[in-house]
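Single-structure report; data block below.
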Amino acid sequence: MRGNDGPMRNQDVVAHTGLPKATVSRLMHTLTAMGYLRRIDQGSYVLGEASGRPGRAMLDALRLDRFAAELREITSEAGAFACLQACIADHMVPVYRWSQGAGVPLASGVSATASEALGRTCYEFSFATGPHATADDPEMPEVLQQLACSGWCQTWRADARRLDAYIGVRLDVGEPFVLSLHLPQPDPPSRSRLLRVGMHLRSAAAAMARPPEEPTSSDDRLRKSA
């Protein structure tokens, strides 16, 4: 966008990057919702006010890689991953992903799916940022009951053969996020499976909510030992 002489449309970005049209559309929508782009007419975009703020610097400051150990056991399953999401313009936008014990920043948004609705419900329930979701999804009342009882929610997607679990977490920046686990689950999960998932989810969320320990010098360590 910075290297272009004027506004750009989705098809211009497709031509410049070779990305699929659907991917470009989601990215442009997400970047606009986050303030990095601004829509000026029916489909043309220019740089937004937030484009001068380095998003990577914010992620680096959060030091999200330090939570890989908390998630290593649960994400060691083949195909499993954990995702940190922020609620931006009523959409759940993933910003960081852990899989196989490693973490990477994310830059793409997600479309409105049942998983996104569940994440947003968890966000609103945990932090009272808006009315509780009364979505048409018949699973919502059950999800709200789960949140009220245990502080986290889960749903098994038979079509996707996947178990999704969500919990609200507040990081150092003060903004609330949602931590989600996505695990391969061909059959309905057992009670012991759900208890294990919930334990890992709550443990990781609690670790993220704690302020990072300040590095100490060798002199400080000597004084403490004395």
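None of the figures in this text is laboratory data; all of them are computed from the coordinates on show. If you're wondering where the values come from, they're calculated on a predicted model, not measured in any experiment. Cβ atoms come from the backbone with ideal geometry, glycine included; neighbour counts cover every protein chain shown.
Across the range 184-190, computed HN-Hα scalar couplings (Karplus, 6.51 cos²θ - 1.76 cosθ + 1.60, θ = phi - 60°) run x, 8, x, 10, x, x, 6 Hz from first to last residue, x flagging Gly and Pro.
If the chain between residue 41 and residue 63 were fully stretched, how many nm would it gain, using 0.36 nm times the residue separation less the Cα-Cα distance? Let's see the in-between values first.
Working: separation 22, 0.36 × 22 = 7.92 nm, distance 3.80 nm.
Between residue 41 and residue 63, full extension yields 4.1 nm more.
Length available on full extension from residue 210 to residue 193: 0.36 nm per residue minus the Cα-Cα distance, which gives 3.5 nm.
Round to the nearest 0.05 the FRET efficiency obtained for residue 72 and residue 157 when R0 = 22 Å and r is the Cβ-Cβ distance. Could the numbers behind the result be given before it?
Working: r = 24 Å, r/R0 = 1.09.
Computed FRET efficiency for residue 72 and residue 157 comes out at 0.35.
In plain terms, the chain from residue 170 to residue 33 could stretch by 47.2 nm, reckoned as 0.36 nm per residue minus the Cα-Cα distance.
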